[in-house]
Amino acid sequence: MKTIRLWAVALPLFLALSAQAQDSTVRRQSPFGKLGGVLDKVLQATSATTGAGAALTPTDIATGLKEALRVGIDKGSTQASALDGYYKNDLIKILFPPEAQRIESRLRQLGFGKQVDQFVVALNRSAEDAAKKAKPVFFKAITQMTIQDAVGILRGSDNAATEYLRRTTGQQLVAEFTPIIDSTLQKNNATRYYNTLATTYNKFAFGQKPVNANLTEYATGKAVDGLFLLVAQEEKRIRENPVARVTDILKRVFGSR
């Protein structure tokens, strides 16, 4: 009954918005620079209706979704960019490229285990460095989210907001990450380790097809995928766990779903 009452109020109001009102909402300053002031205005606008059944406007929904994304991005990016953020997280740890995985066990058998380990560490360090650049790209996408986007996301799956970010930022993240990954791979000697390992393996391949993976492209793709996975985890927590709703607007929007 609570959910039916919410949408009986919120959706008709959303459909009744004029194009002019929608444009002004899109142009409105992002809530993440002066979040406190925006939240005050939202709460004042709904102060006439109090209690657990307080009506949510489409603007409330958009503000709540943007705040949820901001919280998820902040936590996910911070976690990924920390030392060992990728390397010691089995969910996103970057391993040998698929086309090169066959060489790992063989190289360990040949006594190159230390070099293999060094390569894997360096590979993950490159992703951790690149993740530090993700927040500005994500936050820009948040400011461009429309009310229609927000309502659709709220009614969507547990990772609907993350998928919105993937659609709107995925290509830009790859473009931003690629030079960072390439530079860090070289700085951390991952490129040298990989070339040495591949050359060593190819010497003992005995006629098998030589290994020749694009290391930068592979590491960039895995770094971006891992970051989205962490953001998706945070989004799911906010949707399902009241404790994760760290602001009033998150409590009101996601507590009323």
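Where a number appears in this text, it was derived from the coordinates with a stated rule and is not lab data. Please read these numbers as outputs of a predicted model, since none were measured by experiment. Glycine gets a Cβ as well: all are built from the backbone with ideal geometry, and neighbour counts include every protein chain shown.
In this entry, region 148-187 is assigned a mean projected area of 3.4 nm², taken as a quarter of its C-alpha convex hull surface. Rounded to the nearest 0.05, the FRET efficiency derived from the C-beta distance between VAL174 and GLN109 at R0 = 35 Å is 0.50. Here the simple spin-label model places points 7 Å from the Cα toward Cβ, and for ALA82 and GLN144 these points are separated by 3.1 nm. This model, with +1 at the C-beta of Lys and Arg and -1 at the C-beta of Asp and Glu, gives region 69-246 a dipole about its Cα centre of some 240 debye. A Förster radius of 35 Å, combined with the Cβ-Cβ distance separating ASN89 from THR200, puts the computed FRET efficiency at roughly 0.75.
When +1 charges are put on Lys and Arg Cβ atoms and -1 charges on Asp and Glu Cβ atoms, the dipole computed for region 146-189 relative to its Cα centre reaches about 20 debye. Computed over neighbours whose Cβ is under 15 Å from that of GLN186, the net charge equals 0, Lys and Arg +1, Asp and Glu -1.
Regarding region 75-217, what's the average projected area of the Cα-atom convex hull, expressed in nm²? So the mean shadow area of the Cα hull is 9.9 nm².
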